[in-house]
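Below is one structure, written out as structure tokens; the observations come after it.
The values are calculated or read from the model by the stated rules, or taken from the named source; none is laboratory data. Every value quoted in this text rests on a predicted model; they were computed, and no experiment measured them. Cβ coordinates were reconstructed from backbone atoms using ideal geometry, including for glycine residues, and neighbour counts include every protein chain displayed. Ligands, DNA and RNA are stripped out before the accessible areas are found, and what is left, the full protein with its side chains, is counted by its heavy atoms. Shrake-Rupley method; radii C 1.70, N 1.55, O 1.52, S 1.80 Å.
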Amino acid sequence: ILSGLVGSEMCIRDSSMGNPHCSFFVDDLEQLDIATLGPQIESDPLFPHKTNVHFIQVIDRQTIRLRIWERNGAIPLGSGSCSCAAAVNGIRRGLLDSPVRVLCDGGPVTVSWDGQGKVRLAGSVTRVVQRVTVKGFTFPTSSPAISTRSWRTPASAGSRSASPAARPWRTAGH
């Protein structure tokens, strides 16, 4: 699938934020069917352990629009690791300057990276779903009486840092 996608309007870059990421820089996000392309790229033989897939439209040198296909999932409202990987990949390609404002479906976050050290993510947190798991079954819940795990997007409580690494999942045998 990748050979059919890479052309004059798309360029690809992969990285890791502790999990694999593949970024496509595109001219127009609205022209892409992410629900179709995402799972095909995610499971391409180039990624034996699958990958998160980003489609990035550069608005200016410090702003991008990001759409995501999450590994083993679907199209999320946002992702902290995907936002960081997309910004780092844009900076590495010389397309972006830090800090980068990342516009996700669920709202904006800001990613800062000096090109060598830790990546810093800052943004607001909003609860979008709550669930409870009982003996392997997952149920949505609104009852505060049961123990739940909350998911938020963008995945950042204030800010956090991580070190970027290029493709460790290919050599580490994960």
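Some points to look at:
- Our coupling estimate for segment 71-77, obtained by passing each phi through the Karplus curve with A = 6.51, B = -1.76, C = 1.60 and θ = phi - 60°, is 3, 6, x, 7, 9, x, 6 Hz, Gly and Pro reported as x.
- A 1.4 Å probe run over the protein chains yields, for segment 27-95, 43 Å² of accessible area per residue, whole-number rounding.
- Segment 97-113 residues near the modelled Ala35 label - backbone nitrogen below 20 Å, point 7 Å along Cα→Cβ: 104-107
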